[in-house]
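**Student:** Quick one: this structure, given as structure tokens, is what I'll be asking you about.
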Amino acid sequence: DQLAPALTCVREGIAAGHHAAGFIAYEGGAALEPHVGTLPAPATPLLWFGLFAAVEELCDPHTILPAPDGAWIGALEPAISRDEYDAALRQVLDLITAGDIYQANLTFRARVPFAGDPLALYAAVRTRAAAGWGAIVATGDHLLLSFSPELFFRLEGGTLTCRPMKGTAR
């Protein structure tokens, strides 16, 4: 019940000439698409945005990041078993076979142990991931590191550019 009013505040800030940067948690989608139903509460806020008077685009983010060797990254630890993943995959394939959906983005949570500076971790992973888009969002309570090969959306002036790769746009 608070997500839509918060997005209204972001829109008002943009209309007043500010730039917005932040995130809507995956679970926040339930507020935008009620047919999804209730999702478990995330560890982060459902929505967090900052409004800024100016934007500085960085051609090379490594100029402001610490050295990648300032962090150690361990092996990925999936939060589900192989059997659980295989069952979810069978469910997706059954839905596709039935014609209920034509594609799905089957994901799972995972933990990655690390030590050191989270921004050095970001620098190390960003180089390896070769993702075209990335972000660091520091809320004061949480630090989110984001890597993506896709541009979800960009709003410049009156032009909205949307390039999701998974069919996530209507």
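The values are calculated or read from the model by the stated rules, or taken from the named source; none is laboratory data. The model shown is predicted, which means the values in this text are computed figures rather than measured ones. Because the Cβ atoms are built from the backbone with ideal geometry, glycine has one as well, and the counts that use them run over all protein chains shown. Keep in mind that these areas ignore ligands, DNA and RNA; they rest on the heavy atoms of the full protein, side chains included. Shrake-Rupley method; radii C 1.70, N 1.55, O 1.52, S 1.80 Å.
**Student:** Where in the stretch 47-64 does the label zone of ALA16 land, with the point 7 angstrom along Cα→C-beta and an amide N cut-off under 19 Å?
**Tutor:** 48-55
**Student:** List the trypsin sites (Lys or Arg not before Pro) within the stretch 102-167 that fall in a DSSP loop (any state other than H, G, I, E or B) and whose Cβ has at most 16 other Cβ atoms within 10 Å.
**Tutor:** Taking the stretch 102-167 and a limit of 16 other Cβ atoms within 10 Å, the loop trypsin sites (Lys or Arg not before Pro) found are ARG109, LYS166.
**Student:** To the nearest 20 debye, what charge dipole does the chain have about its Cα centre, counting +1 at the Cβ of each Lys and Arg and -1 at the Cβ of each Asp and Glu?
**Tutor:** My answer is approximately 240 debye.
**Student:** Using each residue's phi in the stretch 116-130, evaluate 6.51 cos²θ - 1.76 cosθ + 1.60 at θ = phi - 60° and report the 3J(HN,Hα) Karplus result to the nearest Hz, with x for Gly and Pro.
**Tutor:** Per-residue couplings from phi come out as x, 6, x, 6, 5, 4, 4, 4, 5, 5, 4, 5, 6, 6, 6 Hz.
**Student:** For the chain, what does -39500 (n - 2.57) per DSSP helix run (n ≥ 4), summed and divided by total residues, give at 222 nm, in deg cm²/dmol to the nearest 500?
**Tutor:** Taking each H run of at least 4 residues, the total per residue is -8500 deg cm²/dmol.
**Student:** Shifting gears a bit: Just tell me the longest site-free run in the chain, where the sites are chymotrypsin sites (Phe, Trp or Tyr not before Pro) in a DSSP loop having at most 13 other beta-carbon atoms within 10 Å.
**Tutor:** That gives 1-101 as the longest site-free run.
**Student:** On a full-extension model of 0.36 nm per residue, what is the gain between TRP72 and VAL112, subtracting their alpha-carbon distance, rounded to one decimal in nm?
**Tutor:** 13.4 nm
**Student:** May I ask you to evaluate 6.51 cos²θ - 1.76 cosθ + 1.60, the Karplus curve with θ = phi - 60°, for each residue of the stretch 14-30 and list the ³J(HN,Hα) values in order in whole Hz, giving x for glycine and proline?
**Tutor:** 5, 4, 7, x, 8, 9, 10, 9, x, 8, 10, 5, 3, 5, x, x, 4
**Student:** Using a probe radius of 1.4 Å on heavy atoms only, what accessible surface per residue do you get for the chain? Whole Å² is fine.
**Tutor:** Each residue of the chain exposes 73 Å² on average to a 1.4 Å probe.
**Student:** Considering only protein heavy atoms and a 1.4 Å probe, what is the carbon-and-sulfur percentage of the accessible area of the stretch 81-155?
**Tutor:** C and S atoms contribute 55 percent here.
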